[in-house]
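Participant: Next up is a structure, given as structure tokens.
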Amino acid sequence: MIRFEDVDVAFGEHRAVSHLDLEIQEGEFFTLLGPSGCGKTTALRSLAGFVQPTGGRILIAGRDVTRVPSEKREVGMVFQNYALFPSMNVRENIAFGLTVNKRGQTDAKKVSKAEQTRRVNEIADRTGLALSQLDKNVSELSGGQQQRVAIARALVLTPRILLLDEPLSNLDAKLRVQLREQLKELQHEVGVTTVYVTHDQEEALTLSDRIAVLDAGHLQQVGTPEEIYDRSGTPFVCRFIGENNRLTPAVLISLGSGPGAPALDATAESYVRPEKLHLAAPDAAANSPASLDGSVVGRTYHGSHSVYTVAVEDTTLRVSVPAGASAHQWDAGDAVRVDVDPRWILQYPAV
Ligand SMILES: Nc1ncnc2c1ncn2[C@@H]1O[C@H](COP(=O)(O)OP(=O)(O)O)[C@@H](O)[C@H]1O
Ligand SMILES: [Mg+2]
């Protein structure tokens, strides 16, 4: 449905997007993820037609749209700050695209009043807006409701592609999670190809069919949430997503020395996530191909899990233990064994 072919976007000397190659399938929920300033918004704006690439091509449904004006691309866009019209009520905001022509002029004949009402009511219902809210001024609505109006305003035009730029970032944490789930359901129901921009890895992991991770304008990896998390393709992706322990050469040598343990490249940049490590009593029956002897330094309680800091070899590792996973609670100074399945060790050989 969407193809970026070697797309560059430069602002003067500064390249915000560099040699971007991407393919997004019809109906997919696709996320551009990366730290602030990595070029996510610029890539999305180039797809929307708000910014012109300085190199490469963008295709929508097989058609080269690189030079096609935004209003002819059949894309709907939702912004972080909602960008609603403050002087219009909710109904007028949602209906806006149905009342203006391609040149942005009001055109009463475009869609009949009755048809407008029908479509606005239908999309309001889908996006979780009560009919009683349609006659309110948008300023009377909460942030979450305003963002629903912005999504409804984009969807009422039945775009081929829905673009969302950090739409949940201005909302408080609880509402963000709630709206995230509803957004996922809505996208599933409507089936519209969606490109979502966020710097929030949890949002990306929970919402997306696939994720593209960007760093400084460069594509780092494209994959399913599981691939991005469990098989991070580059050290950048590995460090950006989730939490990590960096493994020292001494730890890698020790892990590789047990009977049946696989050889690990002690010179490679290596990581393992805290929840992939397990704590056991030093004399417990072996249950993984590799382990380390250590001693507990401390523990922090997080409700759903605890994180133990454990000294091993010449470093400390963070080990995440789900609440209720172990009858045993370790104290500082306790001798423990850290078990690890080497499949979860991510290695990036020095080049
Ligand atoms: N209109 C612009 N003019 C000049 N520089 C810009 C413009 N828009 C974005 N940039 C720069 O391009 C880089 C990427 O910006 P942006 O795409 O907004 O990143 P993100 O959305 O990932 O935070 C940043 O360094 C930003 O300062
Ligand atoms: Mg941005």
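Participant: Have a look at R57, R73 and point out the one that is more than 16 Å from ligand 1 (Cβ to nearest atom) and out of contact with any helix residue (DSSP H, G or I) (no Cβ under 8 Å at 6 or more places or on another chain).
Facilitator: Going through R57, R73 in turn, the sole match is R57.
Participant: Another question, then. Only one of (1) within 16 Å of ligand 2 (Cβ to nearest atom); (2) under 27 Å from V190 (Cβ atoms); (3) of a type in the set (F, W, Y) is not met by F11, so which one is it?
Facilitator: The number of the failed condition is (2).
Participant: From the set of residues in the range 32-78 that are touching a Pro at 6+ places or on another chain (Cβ under 8 Å) and without any contact (Cβ under 8 Å) to a residue 60 or more places away in the chain, which is nearest to ligand 2 (Cβ to nearest atom)?
Facilitator: S46
Participant: State yes or no: is I228 at negative phi, of a type in the set (V, I, T), more than 16 Å from ligand 1 (Cβ to nearest atom) and not assigned by TED's automatic domain parsing to the domain that holds Q25?
Facilitator: For I228, the condition - at negative phi, of a type in the set (V, I, T), more than 16 Å from ligand 1 (Cβ to nearest atom) and not assigned by TED's automatic domain parsing to the domain that holds Q25 - is not met.
Participant: Then there's this: Within the range 1-105, which strands (runs of 3 or more DSSP E) (wholly inside it) include 3 or more residues that are out of contact with any Leu (no Cβ under 8 Å at 6 or more places or on another chain)?
Facilitator: 2-11, 14-24, 55-60
Participant: Applying the selection to the range 301-315, what residues are at pLDDT below 95, in a strand (DSSP E or B) and touching a strand residue (DSSP E or B) at 6+ places or on another chain (Cβ under 8 Å)?
Facilitator: Within the range 301-315, the first condition is being at pLDDT below 95, and the residues that meet it are 301-306.
Remaining after also requiring in a strand (DSSP E or B): 301, 305-306.
Answer for the range 301-315, where residues must be at pLDDT below 95, in a strand (DSSP E or B) and touching a strand residue (DSSP E or B) at 6+ places or on another chain (Cβ under 8 Å): H305, S306.
Participant: Which of the helices (runs of 4 or more DSSP H) contained wholly in the range 124-215 include at least 3 residues that are assigned by TED's automatic domain parsing to the domain that holds V75 and among the acidic types (D, E)?
Facilitator: Numbers: elements: 143-155, 173-190, 201-207.
Result: 173-190.
Participant: Give the residue that is surrounded by the fewest Cβ atoms within 10 Å (Cβ to Cβ), with candidates limited to residues of the range 8-54 that are within 11 Å of ligand 1 (Cβ to nearest atom) and of a type in the set (F, W, Y).
Facilitator: The residue in question is F11.
Participant: When you go through T309, T267, T248, T234 one by one, which is the residue that is within 30 Å of D200 (Cβ to Cβ) and over 25 Å from the mean Cα position of the chain (by Cα)?
Facilitator: Only one candidate passes the filter, namely T309.
Participant: Something else about it: For the range 200-259, name all the residues that are touching a Cys at 6+ places or on another chain (Cβ under 8 Å) and of a type in the set (G, A, S).
Facilitator: Once the filter is applied, which keeps residues that are touching a Cys at 6+ places or on another chain (Cβ under 8 Å) and of a type in the set (G, A, S), the range 200-259 yields A216, G217, S232.
Participant: So T198 passes all but one of these: (1) touching a Ser or Thr at 6+ places or on another chain (Cβ under 8 Å); (2) among the polar types (S, T, N, Q); (3) over 18 Å from T31 (Cβ atoms). Which condition number does it fail?
Facilitator: (3)
The values are calculated or read from the model by the stated rules, or taken from the named source; none is laboratory data. Predicted model, so just to flag it, every value in this text is computed and none were measured. With ideal geometry, Cβ positions are generated from the backbone for all residues, glycine too; neighbour counts draw on all protein chains shown.
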